[in-house]
Amino acid sequence: MTLQHVPAGPARASMARELFGRIAPRYDLANRVLSGCLDVWWRRVAASEVAPAPGERILDLCTGTGDLALELERASGHQAAVFGADFSTPMLALAREKHEKAGRVARMTAADGMALPYRDGVFDAVTASFGVRSFADLTLGVREMARVTRPGGRVAILEFTTPEPGLFRQLYLFYLQRVLPFIGDTLSASPGTYAYLPCTVVEFPSQPELARLMADCGLRNVRYRNLTFGVAALHLGTRT
Ligand SMILES: C[S@@+](CC[C@H](N)C(=O)[O-])C[C@H]1O[C@@H](n2cnc3c(N)ncnc32)[C@H](O)[C@@H]1O
């Protein structure tokens, strides 16, 4: 798969839904191996920056197998109500199972980030880790995240990014485009699937661009924090 093979708009969304449904059973294993377990740390940083308080209602959109939802729950001392939403039912089934095994209430809902089934302002914080890259319309999706967040609430987006130009970026791009797809396809037993990841990462907006988009979607005080030399970035904003 090359860059031009990741479609835009609704075709991207249906491709993502099918793809994540297919790789769901090995998704966690592939994440840990491909990131050297850094993904666990990145989500932990996101949860601690969101700082869920006891009694708060948090939505983790694009929850996948529910890892960030669990981190948010832990970060609140198990006192916040964390809801997960995703449009892939196989991923949601794994999230439910994981939460039940951990002795947590699994509040998982099948939903599309483009049209969330929630009223305005019902959540104290809304998060999405490694999911918004697949949105059919990034602006519409971020607007939806902001819409369901109460005024003064937080929106957090954790996403892969491309490091600044330099040697590290070159090495990283080599890993991302040449090595990662091979390992990912092997681990997930799904040939040709993991090329999706570099394609969507490389074309994703830069950190300042995403920050501007978030501000245009009704968020203020938007800031970001690069993680692991800019391999990932955490953007945070406050609902106006
Ligand atoms: C790379 S996984 C990330 C899962 C999880 N957040 C994590 O940190 O591992 C992306 C997830 O986003 C979901 N997703 C992508 N676009 C979506 C949309 N428009 N609405 C709901 N879920 C979506 C996919 O189904 C998939 O489970």
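Read-outs: derived from the displayed coordinates by stated rules, not from any lab. The structure displayed is predicted, hence computed values, not measured ones. Cβ placement follows ideal geometry from the backbone for every residue including glycine, while neighbour counts extend to all protein chains displayed.
Only Cα pairs under 8 Å and 6+ residues apart enter the sum, and on that basis the relative contact order of the chain stands at 20 percent.
In the chain, the C-alpha radius of gyration followed by the widest Cα-Cα span (Dmax) gives 16.7, 47 angstrom. When each of the peptides 29-37, 45-53 is scored by the mean number of other C-beta atoms lying within 10 Å of its residues, the order from highest to lowest reads 45-53, 29-37.
Arrange Tyr175, Tyr194 by Cβ neighbour counts within 10 Å, fewest through most, would you?
Details: Tyr175 14, Tyr194 23.
Going from least to most buried by this count: Tyr175, Tyr194.
Where does each of 79-88, 223-232 land if you order them by average Cβ count within 10 Å, highest first?
Per-residue Cβ counts within 10 Å, averaged per peptide and sorted highest first, yield 79-88, 223-232.
I want the local charge near Ala189. Using Cβ-Cβ distances under 13 Å, sum +1 for each Lys or Arg and -1 for each Asp or Glu among the other residues.
On the way: positive: Arg22, Arg26; negative: Asp185.
With Lys, Arg at +1 and Asp, Glu at -1, the net is +1.
Taken as Cα centroids, the stretch 53-107 and the stretch 131-161 sit 17 Å apart, rounded to the nearest whole angstrom. In this structure, the amide hydrogen of Leu227, modeled 1.01 Å from its nitrogen in the peptide plane, lies closer than 5 angstrom to those of Ala232, Ala233, Leu234, counting only residues at least 5 positions away or on a different chain. In the chain, the DSSP-assigned H stretches of four residues or longer account for a calculated mean residue ellipticity at 222 nm of -12500 deg cm²/dmol, using -39500 (n - 2.57) per stretch and the full residue count as denominator. In summary, the stretch 1-104 shows an alpha-carbon radius of gyration equal to 1.16 times the 2.2 N^0.38 Å reference for compact globular proteins. Using a cutoff of 8 angstrom between alpha carbon atoms and counting only pairs six or more residues apart, the relative contact order for the stretch 35-143 works out to 28 percent. Close amide H partners of Thr127, meaning residues 5 or more places away or on another chain with modelled amide H under 5 Å apart, are Leu59, Asp60, Leu61, Ala156.
Return the inverse of the average 1/r over all pairs of distinct C-alpha atoms in the stretch 120-212, which is the Kirkwood hydrodynamic radius, in Å to one decimal.
Mean inverse Cα-Cα distance, inverted, gives 15.0 Å.
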